[in-house]
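Encoded as structure tokens, the structure appears first; notes follow it.
No lab work stands behind these numbers, since they all come straight from the coordinates. Just so you know, these numbers come straight off a predicted model, no measurement behind them. Counting neighbours? That spans all protein chains shown, and the Cβs are built from the backbone with ideal geometry, glycine included.
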Amino acid sequence: MQVQKNNDNGEAIIVWFRNDLRLADNPALRHAADSGRPVICLYILDETPGVRPMGAASLWWLDKSLKRLNEHLEKLGNKLVLRKGVAAQVLDDVLSHSGATCVLWNRLYDKASIDRDTAIKTQLKDAGIDCQSFNASLLNEPWTVQNGSRQPYKVFTPYWRAAREHLTHVVVEPAPKSLKAPEHFPRSESLASWKLHPTKPDWSKGFDDWTPGEAGALERLDDFLSAPIDGYGEQRDIPGVEATSRLAPHLHFGEIGPRQVWLAARNAAEAGDAPAGEVEKFLSEVGWREFNHSILFHWPEIPTKSFRPEFDDFPWKSNAAFFEAWTKGQTGYPIVDAGMRELWVTGFMHNRVRMIVASFLIKHLLIDWREGEAWFWDTLLDADLPNNVGNWQWVAGSGADASPYFRIFNPIAQGEKFDPKGAYVRQWIPELKGVPDDLIHKPWTRPERLPAAARPLYGRPIVDHAQAREKAMEAYRSL
Ligand code: FAD
């Protein structure tokens with residue numbers, strides 16, 4: 001690392017932003033601001049080999065989020081420096097041209113990021129550069145919650161019980177009021193030159209309901225705590241009702257942190273503005289996010305390998321036609337197709353439906369969960385390595401505290417239970433608009449009552465549920 005310390009930036013500090021695109025409750029930024037030294041705010045579109053590149057939907061979100069972050073920084077008299085490349089080389093270059101003597105960041109917990117950050121930290125220290133990292137994205141870091149034998153938990157309920165005991169003093173730092181700018185900013189690339197927003201075609205029109213950025217995240221939380229939380233426990237499983245917070249992409253990009261969510265929700269309950277039981281249920285979902293981070297940290301190979309190794313011998317079937325039908329929402333099962341179409345159009349899918357479509361791919365089509373995970377990675381706005389891998393392995397039965405493999409979701413029964421009037425299905429599958437409620441989740445049983453437009457796809461699903469179920473059980477028994 002070539003560092004030239006003498007220039008006119010007087011001991012500047014670099015804050016390397018990653019999944020912490022906010023000003024409030026950002027310990028690395030707060031530390032830099034409190035020092036009174038000039039601060040260089042840097043975002044690197046990282047090309048380090050081994051670090052998983054973001055999917056297309058995530059890049060859409062990143063584009064808007066970086067724009068908002070820069071606007072917020074400009075209000076503090078600073079700005080965001082953007083660079084694309086291998087993180088270690090970019091940092092080297094920015095350090096040597098800026099004369100900065102310190103680099104700060106907030107930690108990430110997947111193996112590729114940890115390996116990269118550890119190597120960078122060693123290089124920086126060898127070059128005499130001060131370097132510190134902080135926790136911005138978790139209530140508890142993975143190594144702080146252990147069982148009586150000082151081992152990580154593999155089961156959620158005891159994990160969350162233990163995790164909560166650490167949460168008696170949750171503190172949220174406000175955004176800094178000012179952020180001293182350097183005399184000279186290092187070279188920055190333009191956001192537009194990164195071309196993160198899709199063109200030709202622009203497939204992102206259905207993403208317009210989202211407001212990426214810190215202000216949008218806080219507004220989502222406020223809106224959720226002011227009403228939908230009242231029915232969260234019961235309604236969160238109904239895809240036709242907007243009863244969940246939709247904070248997932250904001251949490252993933254760190255536009256809001258879990259400490260902020262925790263405190264706001266607890267305060268709402270204490271003030272009597274939100275029912276305490278609903279708040280607890282909601283926070284336990286945030287707890288699953290924590291649990292998945294902990295599992296990924298302690299079992300770093302799970303993005304490619306089963307948490308339960310016996311599943312690595314599962315007899316997956318490769319079937320491009322089935323996979324394509326699944327991605328396009330053309331399986332002939334309305335609840336599956338509606339979910340996949342919702343995902344394609346909006347970059348989001350309701351949690352209950354995520355479970356149904358994942359189960360369908362894995363168990364009805366016998367396609368490897370990693371193929372589904374990769375599709376979600378590319379199309380979800382909230383694509384998040386610990387949560388995506390953790391949930392796919394949960395559905396596959398191969399993960400930590402997973403749903404048993406033999407619990408195979410029946411897409412008809414799931415549809416009838418969670419979307420009884422077909423409101424959700426009709427929203428995403430216009431061909432089914434005229435189909436009566438009693439047939440909406442099994443339209444092929446009375447093909448003569450189907451509108452002509454629905455007959456090609458909904459006259460016969462791509463696999464028969466009972467037969468597929470039997471084949472899935474056979475595959476499982478072969479393990
Ligand atoms: P809410 O119900 O309002 O929950 C609040 C927060 O808790 C969420 O924003 C999220 O951060 C967390 N949370 C909720 N449910 C879960 C869960 N099951 N596991 C972990 N954290 C949870 N979530 C992601 O954030 N990124 C992913 O890539 C992702 N992939 C998934 C893949 C599959 C196959 C399945 C079944 C689920 C996946 N989830 C993923 C979990 C869950 O579906 C989403 O977090 C949730 O739907 C987001 O909606 P919300 O913000 O309205 O959630």
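List the pair-distance distribution P(r) of region 309-477, using every Cα-Cα distance, as the percent of pairs falling in each 10 Å bin from 0 up to the bin containing the longest distance, rounded to whole percents.
10, 41, 36, 12, 1
What is the fewest-to-most order of D34, D419, D92 by other Cβ atoms lying within 10 Å of their Cβ?
By the 10 Å Cβ count, ascending: D34, D92, D419.
With Cβ to Cβ distances under 12 Å as the rule, what net charge do the other residues near D438 carry (K, R +1; D, E -1)?
Value of the local net charge: +2.
Can you divide the C-alpha Rg of region 387-479 by 2.2 N^0.38 Å and report the result to two decimal places?
Here the Cα radius of gyration is 1.30 times the empirical estimate.
Is region 170-302 best put as rounded, prolate or oblate by its Cα gyration tensor, with a ≥ b ≥ c the root eigenvalues, rounded for a/c under 1.5, and otherwise prolate when a/b is larger than b/c, oblate when not?
Because a/c hits 1.5 or more and a/b exceeds b/c, region 170-302 counts as prolate.
Could you list which residues have their amide H under 5 Å from that of V81, counting only those 5 or more apart in sequence or on another chain, with H placed in the peptide plane?
Under 5 Å from the amide H of V81: C41, L42, Y43.
Compute the long axis of helix 56-75 from its Cα atoms, compare it with the longest principal axis of the Cα atoms of the chain, and write down the angle in degrees, 0 to 90, nearest 10.
Around 40 degrees separate the two axes.
R0 = 35 Å: FRET efficiency of E270 with N147, Cβ-based, nearest 0.05?
After rounding, the FRET efficiency stands at 0.70.
On a 0 to 90 degree scale, rounded to 10, what angle separates helix 465-477 from the longest Cα axis of the chain?
Relative to the chain, helix 465-477 is tipped by roughly 60 degrees.
Run the reach check for K67 against lysines, Cα to Cα strictly under 30 Å, same-chain hits fewer than 8 apart removed. What comes back?
Cross-link targets: K75, K79, K84, K111, K121, K177, K180, K195, K200, K205.
Would you mind calculating the relative contact order of the chain from Cα pairs under 8 angstrom and at least 6 residues apart, reporting the percent as a whole number?
The value is 17 percent.
I want the local charge near P239. Using Cβ-Cβ distances under 9 Å, sum +1 for each Lys or Arg and -1 for each Asp or Glu among the other residues.
Values: positive: R352; negative: D237, E342, D419.
Taking every Cβ under 9 Å from that of P239, the sum is -2.
In sequence order, what are the phi-derived ³J(HN,Hα) couplings for region 280-297 according to the Karplus relation 6.51 cos²θ - 1.76 cosθ + 1.60 with θ = phi - 60°, rounded to whole Hz, with x for glycine and proline?
Working through the residues one at a time gives 4, 4, 4, 5, 5, 5, 4, x, 5, 4, 4, 4, 5, 5, 5, 4, 5, 5 Hz.
If one computes P(r) from the Cα atoms of the chain, what percent of pairs lie at distances over 37 Å? Let's see the in-between values first.
On the way: 36071 of 114481 pairs.
Taking all Cα-Cα pairs of the chain, the fraction more than 37 Å apart is 32 percent.
To one decimal place, what orientation-averaged projected area in nm² is obtained for the convex hull of the Cα set of region 1-110?
Reported value for the Cα convex hull: 7.2 nm².
What is the local net charge at V172, summed over the other residues whose Cβ is closer than 10 Å to its Cβ (Lys, Arg +1; Asp, Glu -1)?
-1
How many percent of the alpha carbon pairs in region 286-368 exceed a separation of 15 Å?
Roughly 66 percent, rounded to a whole number.
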